[in-house]
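Engineer: First, the structure itself, so that you have it in front of you.
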Amino acid sequence: MIQITKICCIGAGYVGGPTMAMIAKKCPHIKVTVVDLNEQRIAAWNDPDVENIPVYEPGLSDVVAEARGRNLFFSTDVESAIDDAQMIFISVNTPTKTYGAGKGQAADLKWIELCARQIARVAKDNKIIVEKSTLPVRTASAIKDILIHTGNGSQFQILSNPEFLAEGTAVEDLDAPDRVLIGGDSTVEGQAAIQALVDVYANWIPRERILTTNVWSSELSKLTANAFLAQRVSSINSLTELCEKTEADINEVAKAIGTDSRIGPKFLKASVGFGGSCFQKDILNLVYIARSYGLQEVADYWEQVIIMNDHQKKRFANQMIKELYNTVNGKKISFLGWAFKKDTNDTRESAAIYVADHLLHEQANIAVYDPKVSADQIYFDLDYLATRSSEENKKGVKIISDPYEACKGAHAIAVLTEWDEFKTYDWKKIYDSMLKPAKIFDGRNLLNADELRSIGFLVQTIGTKA
Ligand code: NAD
Ligand code: UGA
């Protein structure tokens, strides 16, 4: 029986930080060290003011405050942490490749391989390696190859333990997950490694919620879970366009189908399109894997989820242009929200970025307000697209820290994130400060359209006829 008392996690991002903070909180007898190459990020995790940690998640600062310095540590000394730990989680980024074979689809496993090589070089005793990052099915065999062929004779067990937390609800999801999934080898050593990780989670998660499988099922289940979730969003979004033509209301349709217990009510919220760092990348990865095995129909089937999502973002921007008399040139358009969903400061793949880019092509002037996203991040997101110069982005987009200021003098408002605070605004005051006719394009189905209409706004809510 292996009793784990020392854990290391490589990668202090949106997954590594919160998951390790929760393990440390629930398991005071385990020393948890989270390491990262990014010095700034580690410094932020160690900031004496816990409100300055680099990931915004409701409740996370309390969890970190409880465990940090007791049995939770953040460090840039990757080698010492690897050397010291019995169990090493790999929680580094696995973005879509931007070069070479598989460009635009395959997962870039460069950082995973670097971790494996570093572990092999540093490890002096046997270790359990846990894939926490989302990885293509069969990655564990590549990691094992590297560890065996470049190591110093230590023995390694590779487990797959994908993370299912959603941003914005990470603390709740980690505290009471629907399930924890652990995949490992069927050998005696593999089963002992699985048991060691089961025992860590069993400190707070009921055993019946801890599922164990073989490594490949676990790896593939993570991609599949994200593909199914994203598919639901694309499915409901595909019908918003039909609703707008036929006067069916997408909220009523979602409710009507969601009450069927076989379908269920979750993930049926129509939107301007899903964002986030994972849905698109994981489906593209699934598509790539299917194609690489010659499974064209399987690949085409899942690719359609992305095609529909891209269509939705473009459609939303085009509809704004159309409703603003086919020109937005020189017009002020206010964006409420930039994050890819509420309660997070993460903007990766946020629909807002693509809607802004589309409107900037048409020479609109955009004013953005988001309660948690910094101006630097917004400009970074736009510059990253490389569709225009940084100066042009700065000229076309202003970041305003007050929502009323952001909307003042605007021709239209686009609601792009479902932040709760937007519902509490004095909409009459906003209406009075805007150019008329004042229009609202609600890409999140967030605001009460009837109330806004009674004030005088022209409202287009996604999935309902204007
Ligand atoms: P992230 O970019 O926020 O964090 C990754 C961190 O790893 C970065 O800080 C980076 O500096 C660090 N890193 C990269 N290579 C390193 C190395 N060799 N040594 C030390 N540090 C290194 O990414 P994330 O959002 O935390 O996602 C991590 C993985 O988890 C991805 O595979 C993602 O698909 C998966 N995932 C993410 C979420 C989510 O909600 N963000 C949820 C489930 C799964
Ligand atoms: C998603 C999954 O929900 C997590 O289980 C998974 O661990 C994670 O991806 C991951 O692998 O990274 P996340 O992207 O953080 O989590 O957030 P979601 O709540 O899934 O939302 C994703 C996007 O879909 C957001 O832009 C959201 O606004 C949108 N969405 C979601 C809708 O448009 N409608 C819905 O009904 C639900």
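The values are calculated or read from the model by the stated rules, or taken from the named source; none is laboratory data. For clarity, every value in this text was computed on a predicted model and none was experimentally measured. Virtual Cβ from ideal backbone geometry, glycine too; neighbours counted across all protein chains shown. For accessibility, only protein heavy atoms count, side chains too; no ligands or nucleic acids. Shrake-Rupley method; radii C 1.70, N 1.55, O 1.52, S 1.80 Å.
Engineer: Which residues, taken from segment 333-351, are more than 16 Å from ligand 1 (Cβ to nearest atom) and over 13 Å from Phe380 (Cβ atoms)?
Structural biologist: Scanning segment 333-351 gives Ile333, Ser334, Phe335, Leu336, Gly337, Ala351.
Engineer: Same structure again: For segment 193-242, how many residues meet the condition of being aromatic (Phe, Trp, Tyr) and within 11 Å of Asn161 (Cβ to Cβ)?
Structural biologist: Summing the residues that are aromatic (Phe, Trp, Tyr) and within 11 Å of Asn161 (Cβ to Cβ) in segment 193-242 gives 1.
Engineer: So, in segment 376-434, exactly how many residues are more than 30 Å from Thr98 (Cα to Cα) and of a type in the set (Phe, Trp, Tyr)?
Structural biologist: 6
Engineer: Provide a single number: the residues in segment 206-239 that are in contact (Cβ under 8 Å) with a residue 60 or more places away in the chain, farther than 16 Å from Ile306 by Cα and crowded, with 17+ Cβ neighbours inside 10 Å.
Structural biologist: 4
Engineer: Looking at segment 327-338, I want the residues that are assigned to a loop (DSSP other than H, G, I, E, B) and have a partner that is charged (D, E, K, R) with Cβ atoms under 7 Å, at least 6 apart or on another chain. Which pairs are those?
Structural biologist: Val328/Glu362; Asn329/Glu362; Gly337/Asp370; Trp338/Asp370
Engineer: Scan Val180, Val198 and give me the residue that is without any contact (Cβ under 8 Å) to a residue 60 or more places away in the chain, away from ligand 1 (no atom under 16 Å from the Cβ) and more than 21 Å from Phe274 (Cβ to Cβ).
Structural biologist: Sole residue among the options that is without any contact (Cβ under 8 Å) to a residue 60 or more places away in the chain, away from ligand 1 (no atom under 16 Å from the Cβ) and more than 21 Å from Phe274 (Cβ to Cβ): Val198.
Engineer: State which residue pairs qualify: first residue of a type in the set (Gly, Ala, Ser) and inside segment 255-283, second residue within 12 Å of ligand 1 (Cβ to nearest atom) and open to solvent by 90 Å² or more (accessible area, probe 1.4 Å) in any location, beta carbons under 8 Å apart, and separation of 6 or more residues or different chains.
Structural biologist: Pairs found: Gly275/Arg348; Gly276/Arg348; Ser277/Arg348.
Engineer: Can you pull out the residues in segment 332-349 that are crowded, with 24+ Cβ neighbours inside 10 Å and under 17 Å from Ala270 (Cβ atoms)?
Structural biologist: Answer for segment 332-349, where residues must be crowded, with 24+ Cβ neighbours inside 10 Å and under 17 Å from Ala270 (Cβ atoms): Gly337, Phe340.
Engineer: Of the residues that make up segment 7-23, is at least one modelled with pLDDT under 95, within 13 Å of ligand 1 (Cβ to nearest atom) and either open to solvent by 60 Å² or more (accessible area, probe 1.4 Å) or in contact with a Leu (Cβ under 7 Å, 6 or more places away or on another chain) (or both)?
Structural biologist: no
Engineer: Criterion first (within 16 Å of ligand 2 (Cβ to nearest atom), open to solvent by 40 Å² or more (accessible area, probe 1.4 Å) and under 24 Å from the mean Cα position of the chain (by Cα)) does Asp376 satisfy it?
Structural biologist: no
Engineer: Among the residues of segment 259-288, which ones are surrounded by 16 or more Cβ atoms within 10 Å (Cβ to Cβ) and away from ligand 1 (no atom under 16 Å from the Cβ)?
Structural biologist: If the condition is that a residue be surrounded by 16 or more Cβ atoms within 10 Å (Cβ to Cβ) and away from ligand 1 (no atom under 16 Å from the Cβ), then Leu268, Lys269, Ala270, Ser271, Val272, Gly273 are the ones that fit.
Engineer: Mind listing whichever residues of segment 324-373 are within 13 Å of ligand 2 (Cβ to nearest atom) and among the aliphatic types (A, V, I, L, M)?
Structural biologist: Selection gives Ala339, Ala351, Ala352, Ile353, Val355.
Engineer: Now for a separate question. Would you pick out the residues in segment 3-48 that are within 15 Å of Thr76 (Cα to Cα) and in a helix (DSSP H, G or I)?
Structural biologist: Residues satisfying the conditions are Gly16, Gly17, Glu39, Gln40, Arg41, Ile42, Ala43, Ala44, Trp45.
Engineer: Here's something else I'd like to know. From the residues in segment 430-466 that are under 18 Å from Phe274 (Cα atoms) and of a type in the set (Gly, Ala, Ser), which one is nearest to ligand 1 (Cβ to nearest atom)?
Structural biologist: The residue in question is Gly443.
Results for (1) touching a residue at least 60 places away in the same chain (Cβ under 8 Å); (2) open to solvent by less than 70 Å² (accessible area, probe 1.4 Å), shown as yes or no for each residue.
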{"site": "His361", "(1), (2)": "no, no"}
{"site": "Leu416", "(1), (2)": "yes, yes"}
{"site": "Tyr431", "(1), (2)": "no, yes"}
{"site": "Ala438", "(1), (2)": "no, yes"}
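Engineer: For Val34, are the conditions met, namely being within 16 Å of ligand 2 (Cβ to nearest atom) and either in contact (Cβ under 8 Å) with a residue 12 or more places away in the chain or in contact with a His (Cβ under 9 Å, 6 or more places away or on another chain) (or both)?
Structural biologist: No, not satisfied.
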